[in-house]
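What follows is one structure encoded as structure tokens, with my remarks underneath.
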Amino acid sequence: MRPTVAPFPSTRLRRLRRTPALRALTRENTLTPDDLIWPVFVMEGTDRADPVASMPGVSRLTIDRVVLAAREAADLGIPAICLFPYVDPALKTQGCEEAWDAGNLSNRAIRAIKAAVPDIAVMTDVALDPYNINGHDGIVEDGIILNDETVAALVKMALAQAAAGADILGPSDMMDGRIGAMRNALEAAGHKDIVILSYSAKYASAFYGPFRDAVGASGALKGDKKTYQMDPANSDEAMRLIERDLMEGADMVMVKPGMPYLDICRRVKDTFAVPTYAYQVSGEYAMIAGAAQNGWIDGEKAMMESLIAFKRAGCDGILTYFAPAAAKLMRG
């Protein structure tokens, strides 16, 4: 039912905007550090931070520096950190075998974080692109991304990450059937409490470019990802993907990218009423951070305005490179 509003001047809607106290009392959505997941890029080496040129303020970090980042996140009240590896090109193969090696970069970083900051939740990326000589999220044969063979590889990758101590697995590959296969394998291996946050509605987007720079996948990618990532024109398809992943055992679902797909976030939350997340991806971050760096916008205000948009659209949380800066601002 539509609310009834008395005519002017009985109703003056500006009354509730008159002071900061009144605006706080009537605010419909709030943002706290609890809503944030901080994606970080991890690389080999010791005590180094290599800036990512296309992402102002973001660097690849060695494992010891990632541990410090995890401590910073915990101190700021950020509940989770998400790891993305910058893999040595020499380790990239057609079969992506490094992806499930127990001693690979990601798995060593998981162990280091959980040993030093046990209370923070560690999320991982489950996809083959960092390890794939072709730059794709799946195994490639004669130019075709193989679905079922990729799922089998992703299951091994998920089990290795769970054994390393990951709290949340983030399958970002968009292969059919991978959530059910991972969930069954995790249960069989005794990892019954591992959370799956599925990248259920991941679009074939132009906003991923800086991320591919950060993980070293830009030069490796052959062709595009349109046969497995979603068409930006589609909305109903996203609902089918979300429903399928939930039925296969996903605990939480994600829409990616974020800001260009706020309508999808809203539909997901309204339709399924499940924990719903959005990823404010590298291109979204770079637009705001780059414009702020050039003095074209107020960076802090634009950052916070962009983040509250996700809450307004129904999201329970946001993966964002702004996480530490936003948390510091929220904590004063």
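The numbers here are math on the coordinates, done by the rules we state, and not lab data. A quick note: this is a predicted structure, and the numbers were derived from the prediction, not measured. No Cβ is skipped: glycine too gets one built from the backbone with ideal geometry, and neighbour counts run over all protein chains shown.
Brief remarks on what is shown
- When region 1-122 is described by a simple charge dipole with +1 on each Lys and Arg Cβ and -1 on each Asp and Glu Cβ, the residue from A121, S10, V42 located farthest towards its positive end is S10.
- Only one residue of I242, N132, A302 has its Cα farthest out toward the positive end of the dipole of the chain, where Lys and Arg carry +1 and Asp and Glu -1 on Cβ, and that residue is A302.
- Here the Karplus curve 6.51 cos²θ - 1.76 cosθ + 1.60, taken at θ = phi - 60°, turns the phi angles of region 66-79 into couplings of 5, 4, 4, 5, 5, 5, 4, 4, 4, 5, 8, x, 7, x Hz, with x standing for Gly and Pro.
- Cα-based helix-to-principal-axis angle, 105-116 vs the chain, degrees rounded to 10: 60
- About the centre of its Cα atoms, region 1-92 shows a dipole size close to 1120 debye [charges on the beta carbon of Lys, Arg (+1) and Asp, Glu (-1) only; nearest 20 debye].
- For region 126-242: rounded, prolate or oblate by the Cα gyration tensor [a/c cutoff 1.5]: prolate
- Here the sum of -39500 (n - 2.57) over DSSP H runs of 4 or more residues, divided by the residues of the chain, equals -11500 deg cm²/dmol at 222 nm, to the nearest 500.
- Whether region 31-330 is rounded, prolate or oblate, judged on the alpha carbon gyration tensor where a/c under 1.5 counts as rounded: rounded
- Report note on the peptides 197-206, 58-67, 82-91: ranked by the mean count of other C-beta atoms within 10 Å, highest first, their order is 197-206, 58-67, 82-91.
- Check: region 214-274 dipole with +1 on Lys, Arg Cβ and -1 on Asp, Glu Cβ, in debye: 220
- Nearest 10 degrees, 0 to 90: helix 236-248 Cα axis against the chain principal axis: 60
- Converting phi to 3J(HN,Hα) with the Karplus coefficients 6.51, -1.76 and 1.60 and the offset θ = phi - 60°, region 126-133 yields 10, 6, 8, 4, x, 10, 9, 5 Hz in sequence order, with x at every glycine or proline.
- Ordering of 100-112, 6-18, 299-311 by packing [mean C-beta count within 10 Å, highest first]: 100-112, 299-311, 6-18
- Between D270 and R331, the FRET efficiency estimated from the beta carbon spacing at R0 = 30 angstrom works out to 0.45.
- Here the dipole of the chain is about 1860 debye; that uses its Cα centre as origin and unit charges on the Cβ of Lys and Arg (positive) and Asp and Glu (negative).
- Listed by chain and number, the lysines placed with their C-alpha closer than 17 angstrom to that of K256 are K202, K225, K226, K269, K311; residues fewer than eight positions away on the same chain are left out.
- In degrees, nearest ten, helix 282-293 long axis to first principal axis of the chain (Cα): 60
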